[in-house]
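These notes concern the structure reproduced below.
The values are calculated or read from the model by the stated rules, or taken from the named source; none is laboratory data. If you're wondering where the values come from, they're calculated on a predicted model, not measured in any experiment. Please note: Cβ atoms are built from the backbone with ideal geometry, for glycine as well, and neighbour counts cover all protein chains shown.
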Amino acid sequence: MTFKTLSTALVSALALSGVLAASSHAQSANPMVGGAAMFPDRTIVENAVNSADHTTLVAAVKAAGLVDTLSSDGPFTVFAPTNAAFDRISDESLNALLQPEAKAQLTQILTCHVVSANAMSEAIAGMIADDGGMHAVPTVGGCTLQAEMDGDQITLTDENGREATVTIADVRQSNGVIHVIDRVLLPAQ
């Protein structure tokens with residue numbers, strides 16, 4: 001079974017539980033992500049499992065053993081790569097990362113998308129402006145991302161010069177915020 005098949009099956013099962021629970025929650029002012037409502041009274045993981053655009057990320061978080069961490073109180077800011085962002089990685093490389101022997105590497109990659117703060121886009125833009133156009137963002141995984149503005153959008157550059165754009169900002173969670181990005185960021189190689 002390939003990783004993509006496994007992630008689709010896993011997310012389908014988790015999404016069903018989320019859809020059933022969604023009927024008991026009022027619609028929030030949060031943006032829709034991956035065709036699903038994002039509820040500010042749910043955790044990052046509880047919301048992410050409902051996004052059709054984040055099935056690969058959810059499967060990777062499970063493979064890395066980060067579900068409990070990202071379900072805890074936080075606060076966390078997660079720069080969440082979409083499935084399309086993961087599709088830029090070869091199937092062979094992605095499948096290798098999901099093997100038990102690569103768990104430490106996968107964990108570092110994923111935690112390079114997490115900041116231990118509740119950083120809304122307005123605050124990030126303010127820090128960028130205060131720092132003269134570029135703000136260093138230290139992550140939980142030990143990476144330092146460089147945040148800049150490109151018009152009205154925040155961009156993040158990893159330690160390898162790979163740039164991601166925040167495509168959906170300020171998705172509030174009970175334990176932080178998600179900003180959807182269009183590229184997987186990597187630690188220095």
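Looking at (1) part of a strand (DSSP E or B); (2) within 20 Å of Ala84 (Cα to Cα), which is the one condition that is false for Val177?
It fails just one condition, (2).
If I filter the stretch 120-152 down to residues being aliphatic (A, V, I, L, M) and in a strand (DSSP E or B), which single residue comes out as farthest from Thr82 (Cα to Cα)?
We begin by selecting, within the stretch 120-152, every residue aliphatic (A, V, I, L, M); these are 120, 123-125, 127-129, 134, 136-137, 140, 145, 147, 149.
Still in the running and in a strand (DSSP E or B): 136-137, 145, 147, 149.
Details: Ala136: 23, Val137: 20, Leu145: 18, Ala147: 19, Met149: 20 Å.
The extreme case among them is Ala136.
Exactly one condition in (1) in contact with an Asp or Glu (Cβ under 9 Å, 6 or more places away or on another chain); (2) at pLDDT below 50; (3) hydrophobic (A, V, I, L, M, F, W, C); (4) in a loop (DSSP other than H, G, I, E, B) is not met by Met1; state its number.
(1)
Of the residues Gly18, Gly35, Gly74, which single one is at pLDDT 50 or above, buried (at least 19 other Cβ atoms within 10 Å of the Cβ) and more than 12 Å from the chain's Cα centre (by Cα)? Step through it out loud before you land on a result.
Working: Gly18 fails: at pLDDT 50 or above; Gly35 fails: buried (at least 19 other Cβ atoms within 10 Å of the Cβ).
Selected residue: Gly74, the only one of Gly18, Gly35, Gly74 that is at pLDDT 50 or above, buried (at least 19 other Cβ atoms within 10 Å of the Cβ) and more than 12 Å from the chain's Cα centre (by Cα).
Quick one: Leu57 ticks every box in (1) out of contact with any Pro (no Cβ under 7 Å at 6 or more places or on another chain); (2) at pLDDT 90 or above bar one, so which box is it?
Against the list (1) out of contact with any Pro (no Cβ under 7 Å at 6 or more places or on another chain); (2) at pLDDT 90 or above, Leu57 comes up short only on (1).
For Ala102, only one of the following conditions fails: (1) buried (at least 20 other Cβ atoms within 10 Å of the Cβ); (2) assigned to a helix (DSSP H, G or I). What is its number?
In the conditions (1) buried (at least 20 other Cβ atoms within 10 Å of the Cβ); (2) assigned to a helix (DSSP H, G or I), Ala102 misses (1) alone.
Mind telling me which of the residues Thr155, Thr165 ends up being outside any helix (DSSP H, G or I), buried (at least 17 other Cβ atoms within 10 Å of the Cβ) and polar (S, T, N, Q)?
On the way: Thr165 fails: buried (at least 17 other Cβ atoms within 10 Å of the Cβ).
Step by step, each of Thr155, Thr165 is checked, and only Thr155 is outside any helix (DSSP H, G or I), buried (at least 17 other Cβ atoms within 10 Å of the Cβ) and polar (S, T, N, Q).
Looking at Gln173, Gln189 in this structure, which one is among the polar types (S, T, N, Q) and surrounded by 21 or more Cβ atoms within 10 Å (Cβ to Cβ)?
Working: Gln189 fails: surrounded by 21 or more Cβ atoms within 10 Å (Cβ to Cβ).
Sole residue among the options that is among the polar types (S, T, N, Q) and surrounded by 21 or more Cβ atoms within 10 Å (Cβ to Cβ): Gln173.
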